[in-house]
Structures are given as structure tokens and as C-alpha cells.
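Written below as C-alpha cells is the structure these notes are about.
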Amino acid sequence: MKNNFYSGLHDTRESGGYDKDKISFLIHEVGQGKKILDVACNDGYVSEILKTNNNDVYGFDIVPNNILTAKKRGIKMKYFN
């Protein structure tokens, strides 16, 4: 099986978050002070982490409960159905 960023993403959730190495990779690659669009952002967990680096994070998802949770995390959300 090809090893890539997405392999095992759902298998390695730790304490409500994704694998620490993958989160570190995202933080490093995105950097600071950027505008970010998180497509299918789920509950905004990763968006919230990226937001802490002075990034302006926008997200959208199709699941109403995910949108509510992401908004509570301070993510600017849009709903698509």
C-alpha cells in the first residue's frame, strides 16, 4: 500500500486530533499569516490548530453538527447541501 499523507488518517486519531506528525507537517507547510480554506473541515479541529499561527481560516462542510462545532472553535463556516 502506498504511504502518503492520507494513509491511516482516521486510524491514528489521538485524543480528538489527528496524528501528531501529520499536524506538524501541516503547520510547517502552511506557515503563518495566511488565508486558508479548509474544504470538508469536519469539526474544525485542524482548522483551529492552523488558526493559532495568525492564519485566517475559513471552512465549509455538509454536516450541520460539524459546522456548529467548528464555529465554536472560531472558524468562519459555510454550509453546503
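The values are calculated or read from the model by the stated rules, or taken from the named source; none is laboratory data. Values in this document were obtained by computation on a predicted structure and should not be read as measured data. When we count neighbours, we look across all protein chains shown, and the Cβ atoms used for this are built from the backbone with ideal geometry, even at glycine. All accessible areas refer to the heavy atoms of the entire protein, side chains included, with ligands and DNA or RNA removed. Shrake-Rupley method; radii C 1.70, N 1.55, O 1.52, S 1.80 Å.
Take the Cα of LYS35, step 7 Å along the line toward its Cβ, and report every residue of the range 43-78 whose backbone nitrogen sits under 11 Å from that point. So the set is 56-58. Charge tally around ASP56: other residues with Cβ under 9 Å, Lys/Arg +1 each, Asp/Glu -1 each, net +4. Distances between placed amide hydrogens fall under 5 Å for TYR58 paired with ILE36, LEU37, ASP38, all partners being 5 or more residues away or on another chain. Listed by chain and number, the lysines placed with their C-alpha closer than 16 angstrom to that of LYS35 are LYS51, LYS76, LYS78; residues fewer than eight positions away on the same chain are left out. The separation of the range 18-42 from the range 54-74, counted between C-alpha centres, amounts to 14 Å.
Ranked from largest to smallest solvent-accessible area, with a 1.4 Å probe on the protein heavy atoms, TYR45, TYR58, TYR79 come out as TYR79, TYR58, TYR45.
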